[in-house]
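Student: Quick one: the structure is below, and I'll ask about it shortly.
The values are calculated or read from the model by the stated rules, or taken from the named source; none is laboratory data. Bear in mind the structure is a predicted one, so any value in this text is a computation, not a measurement. Cβ placement follows ideal geometry from the backbone for every residue including glycine, while neighbour counts extend to all protein chains displayed.
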Amino acid sequence: MAKSLFSFGTKFIDSLAVLPKDVHVKFVKSLELLSRNPRHPSLNVEPLQGQAKGLYSARVDLQYRLVFAQPSQEDVRLLFIGTHDEAYRFTNGRTSRVLEEIRSAGTPVESDSLETFFALSSVKTKKYLPLSRHLMNQPGSVSRLEMTFGEIECVIGDKLPPSAHKFPAWWANDHTRHVQASAWLGVGWKTVEVRLARGRLFFARGAKAMNVVTQ
């Protein structure tokens, strides 16, 4: 079976950010199944009808459903996750919005590197999901983005920990050791320059490495 590519838009990030802790864990398990076989029996995948025709819902648990589109066998686009009623409201009578969400789905995440996306969806990363959304909202013409630490705090609606101001390693592109890195790695960005003394940070789209500047 061909590998699936996952992509997602900002509204999916929004719905992911408000999931209860126990549902986050179940979502990761469902996504693992979806990556292997979008029609796995445990997912109870159902085609949606009416104005939402062409979309599908998959079971996360008895209460929560994942709404997705699959334009091709290799392309799975995650649109929304929520309760049955929330998923219904998301799709019912809002075809233009759903189609726009499909068109604006973010950077594809290959199924063989889904651990990055799993880390992005973890409970510990939840605080930084607004940063993911902010990076996803950048125009395609923007390949490098400068932000102050204060601007990042405004985006996430919370203070950065003291270690973010003291240690360059906090900004490293390693989600296995620093869960916050998933907020940018999971949406196709990397840190390329950190100026701790000036409280500034540079992100680059699809960059390969980070160069820490401490002046």
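Student: Are there helices (runs of 4 or more DSSP H) fully within the stretch 117-206 with at least 1 residues that are out of contact with any helix residue (DSSP H, G or I) (no Cβ under 6 Å at 6 or more places or on another chain) and basic (Lys, Arg)? List them.
Tutor: Output list reads 162-166.
Student: Additional query: All but one of (1) part of a strand (DSSP E or B); (2) over 17 Å from residue 80 (Cβ atoms); (3) among the basic types (Lys, Arg) hold for residue 65, so report the exception by its number.
Tutor: Failing condition for residue 65: (2).
Student: Right, here's the next one. Which condition number in (1) in a strand (DSSP E or B); (2) hydroxyl-bearing (Ser, Thr, Tyr); (3) farther than 19 Å from residue 7 by Cβ is the one that residue 57 fails?
Tutor: All conditions are met except number (3).
Student: Scan the stretch 74-82 and tell me whether some residue there is without any contact (Cβ under 8 Å) to a residue 24 or more places away in the chain and not in a loop (DSSP other than H, G, I, E, B).
Tutor: The answer is no, given that none of the residues of the stretch 74-82 is without any contact (Cβ under 8 Å) to a residue 24 or more places away in the chain and not in a loop (DSSP other than H, G, I, E, B).
Student: Still on this model: Name the residue that is nearest to residue 18 (Cα to Cα), counting only residues in the stretch 152-178 that are free of Cβ contacts under 8 Å to residues at least 24 places away in the same chain and in contact with a His (Cβ under 9 Å, 6 or more places away or on another chain).
Tutor: Only one residue tops the list, namely 170.
Student: Being modelled with pLDDT of 90 or more and more than 19 Å from residue 134 (Cα to Cα), is that true of even one residue in the stretch 178-189?
Tutor: No.
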